[in-house]
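What follows is a set of notes on a single structure, which appears directly below.
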Protein chains: 2
Amino acid sequence: MAQTARPEYRYGNRPTMKDVAARAGVGLKTVSRVVNGEPGVTPDTERRVQEAIEALGFRRNDSARVLRKGRTASIGLVLEDLADPFYGPLSRAVEEVARAHGALLINGSSAEDPDREQELVLALCARRVDGLVVIPAGDDHRYLEPELKAGVATVFVDRPAGRIDADVVLSDNFGGARDGVAHLIAHGHRRIGFIGDKARIHTAAERLRGYRAAMTEAGLPVHDSWVALGSTAPDRVRSAAEALLSGPEPVTAIFAGNNRVTVTVVRVLADLERPVALVGFDDFELADLLRPAVTVIAQDAAQLGRTAAERLFHRLDGAPGMTQRIELTTRLVPRGSGELPPVN
Amino acid sequence: MAQTARPEYRYGNRPTMKDVAARAGVGLKTVSRVVNGEPGVTPDTERRVQEAIEALGFRRNDSARVLRKGRTASIGLVLEDLADPFYGPLSRAVEEVARAHGALLINGSSAEDPDREQELVLALCARRVDGLVVIPAGDDHRYLEPELKAGVATVFVDRPAGRIDADVVLSDNFGGARDGVAHLIAHGHRRIGFIGDKARIHTAAERLRGYRAAMTEAGLPVHDSWVALGSTAPDRVRSAAEALLSGPEPVTAIFAGNNRVTVTVVRVLADLERPVALVGFDDFELADLLRPAVTVIAQDAAQLGRTAAERLFHRLDGAPGMTQRIELTTRLVPRGSGELPPVN
DNA sequence: ACCGAGAGTGACAACGTTGTCTAGGCTCTA
DNA sequence: TAGAGCCTAGACAACGTTGTCACTCTCGGT
């Protein structure tokens, strides 16, 4: 009935505290008190207000509240790809911590694109999120300086921030990769290939460094042709793996730089006669059910997310001082594929 | 230096348009015009404003903007568990559509708890999200009525809404399960077990119905002991599977009601001498690499999310009319485990 | 009967932005 | 040269909430 020609895109003319106050025959502020459970309202008044709220279907407008109070009780999470199984547990862990602190989670994927990361981060800052958890795609985060100065708490996860000083939570990528490669060496391998992500990605670079360190410590050479960096797209990885296995000095084992690489390598090896050893960075579901089961360097994605989120809220609760670099250890999980002996 | 005793938890006293205006020596509204790219500002004025913005590190406060404009350019996504691999591609698809429409995504997990779902949904409504995509955990959504009336567009995915009329996007759970079980029957099986999720979950109920339909159509009986519903927790599923396989009338094939069940059943079967056929609802990564590779009824999670999000924005763009029920077909992917012959 | 204390309540400004309206300066035409 | 018309720019109110403050009323003590 009061349906005018077209409400011209307002959110449906929701009732406000003013409407509730009018209906209950009380002042605006009294409604506010009831809604927020503040003291100083008689039971009778409270009841009248509650009835009016019920009758009108009133719901407090948190946008206005945020404007007035200055805090949004929400944090932003920027990650690389929501669909990547590695990030599922991580974002779930961040969400749980946020929930425990009464905050909502706003998130988005950067798709590994630095510009898109920046766009997303700034959009979140414009929403005035209280804090940010960022898995960086880019390597220059100076654009965040005004935000940091303005008090937006920020914690980087999985990869460090570039060119700014900020808290960061990492896995021990270097040590994990070194352990994994050393494991292969201990099982007799001398020619070991490495397939990893783009070199500009911190985790990829660290893992490569770990690979080289293990080889060097064992006094083994590293042929250029044994190292393949670049995309983790299946076809790229597939051809890289095939090249490693067919050159003049074919490798007898492969260290895979992350879960997506590992999976593709498993597919390549499955078509092969000759057994080739494999250790992958990142655990993944069903790794134990494959034949051979896949030996991995496991990092705890949930722990990574939980630690970062807790650090963030610690900051929001006023923790002062130096930025921290927290590094979580990794764990070698031997399952079979990493214990195969070398076969030429 | 201007660091007062304690800024008492305001977000760091960020510069406002007023500050920018003062610094640039222009009026407040002129700054607003520049920030929003509105016409009617001379290049010279615009430059002065831009410089002031740069110098102060100004960033528009979207909370205030939202309050004034009435739309938040954000949508809420409530799902069951971010860490479940089924929901990764789904939420990623929703995010991409949101992004294409210039909206941010706020999300949370209900953890399959109806109360938590309601809490989350209402929190999102208080934020005045423009719309909601909900994978419901509960079966009574009347609490959403005031919101719907107020114009919050809502689309349910994967499972229908309870006791309210709303758009919904589903997979053909009934047909998919029927096809899968018929496939087993076509390969000679007569005693087929079903392991599924809690019966109150719509998808689980529909898939069970499909199972029964296929059996009935083939003139086969269904023993009570062949049907196990309840939790998808690995130990529950494990003992259910063991019971199916060891009773007086042991089954020769199992239909698994979702991806988590399938994975656990695969583990149980791996320890077994006797080959048991298996078809699972939901595809999952590496299903093709297991031995035998796992035959599944695949539903397209990304397509589910994309369809729902597009329907949502269609509504937000003013699409009137009846609520829709969109049902996406499933696809049988034979890989080996579903084609095993019965062995007693 | 008077005063002070305290509890309940509401008027009002403020948060930072945008929409509306109006003022002033300019160009163009008659 | 006056008037119409356009372009730029700013003053002001409004969005819905919360913090501050002041008012009224009741009650107890003297």
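The values are calculated or read from the model by the stated rules, or taken from the named source; none is laboratory data. All values reported here derive from a predicted model rather than from experimental measurement. Note: ideal-geometry Cβ built from the backbone for every residue, glycine included; neighbour counts use all protein chains shown. The protein model used for the area step is the full one, side chains on, heavy atoms only, and it has no ligands, DNA or RNA in it. Shrake-Rupley method; radii C 1.70, N 1.55, O 1.52, S 1.80 Å.
Looking across the range A:310-322, the residues that are in contact with a strand residue (DSSP E or B) (Cβ under 6 Å, 6 or more places away or on another chain) and modelled with pLDDT of 95 or more come down to A:Arg311, A:Leu312.
Scanning the range B:93-121 for residues that are at the interface with chain A (Cβ under 7 Å from one of its Cβ atoms) and of a type outside the set (D, E, K, R) turns up B:Leu104, B:Leu105, B:Ile106, B:Asn107, B:Gly108, B:Ser109. Among the residues examined, B:Leu290 qualifies as within 13 Å of another protein chain (Cβ to nearest Cβ), out of contact with any Lys or Arg (no Cβ under 7 Å at 6 or more places or on another chain) and of a type in the set (A, V, I, L, M). Among residues of the range B:36-54 that are aliphatic (A, V, I, L, M), those with a beta-carbon under 6 Å from a residue that is open to solvent by 60 Å² or more (accessible area, probe 1.4 Å) and part of a helix (DSSP H, G or I) at least six positions away or on a different chain give the pairs B:Val41/B:Arg33; B:Ala52/B:Arg23.
When the range A:238-264 is examined, which residues are found to be within 19 Å of A:Asp81 (Cα to Cα) and touching a strand residue (DSSP E or B) at 6+ places or on another chain (Cβ under 6 Å)? Passing the criteria: A:Gly257, A:Asn258, A:Val261, A:Thr262. Counting only residues that are open to solvent by 30 Å² or more (accessible area, probe 1.4 Å) and in a loop (DSSP other than H, G, I, E, B), the range A:189-219 holds 7 of them. A count restricted to the range A:66-92 and to residues that are open to solvent by less than 30 Å² (accessible area, probe 1.4 Å), aliphatic (A, V, I, L, M) and facing another protein chain (nearest Cβ under 7 Å) stands at 2.
Taking the criterion of being open to solvent by 10 Å² or more (accessible area, probe 1.4 Å) and over 17 Å from A:Arg99 (Cβ atoms), would at least one residue in the range B:114-126 satisfy it? No.
Checking each residue in the range A:13-40 for being among the aliphatic types (A, V, I, L, M) and surrounded by fewer than 18 Cβ atoms within 10 Å (Cβ to Cβ) picks out A:Ala22, A:Leu28, A:Val35. Within the range B:129-145, the set of residues being in a loop (DSSP other than H, G, I, E, B) and open to solvent by 10 Å² or more (accessible area, probe 1.4 Å) comprises B:Asp130, B:Gly138, B:Asp139, B:Asp140. Of all residues in the range A:31-80, those that are under 40 Å from the mean Cα position of the chain (by Cα) and assigned to a loop (DSSP other than H, G, I, E, B) total 13.
Inspect all residues belonging to the range B:55-65 and state whether any of them is within 8 Å of DNA strand D (Cβ to nearest atom), touching a helix residue (DSSP H, G or I) at 6+ places or on another chain (Cβ under 8 Å) and either within 26 Å of A:Ala64 (Cβ to Cβ) or within 14 Å of chain A (Cβ to nearest Cβ) (or both). Yes, the range B:55-65 has at least one match.
Listed by position, the strands (runs of 3 or more DSSP E) enclosed by the range A:231-332 that each have at least 1 residues that are farther than 26 Å from A:Val134 by Cβ, in contact with a Leu (Cβ under 6 Å, 6 or more places away or on another chain) and open to solvent by less than 30 Å² (accessible area, probe 1.4 Å) are A:253-256, A:277-281. For the structure I just gave you, tell me whether A:Val94 is in contact with a strand residue (DSSP E or B) (Cβ under 9 Å, 6 or more places away or on another chain) and part of a helix (DSSP H, G or I). When the stated conditions are applied, A:Val94 passes them.
For beta carbons closer than 9 Å, sequence separation of 6+ or different chains, a first residue in the range B:72-87 that is on the phi > 0 side of the Ramachandran plot and a second that is open to solvent by 10 Å² or more (accessible area, probe 1.4 Å) and assigned to a loop (DSSP other than H, G, I, E, B), the qualifying pairs are B:Ala73/B:His101; B:Ala73/B:Gly102; B:Ala73/B:Ala103; B:Ala73/B:Asp130.
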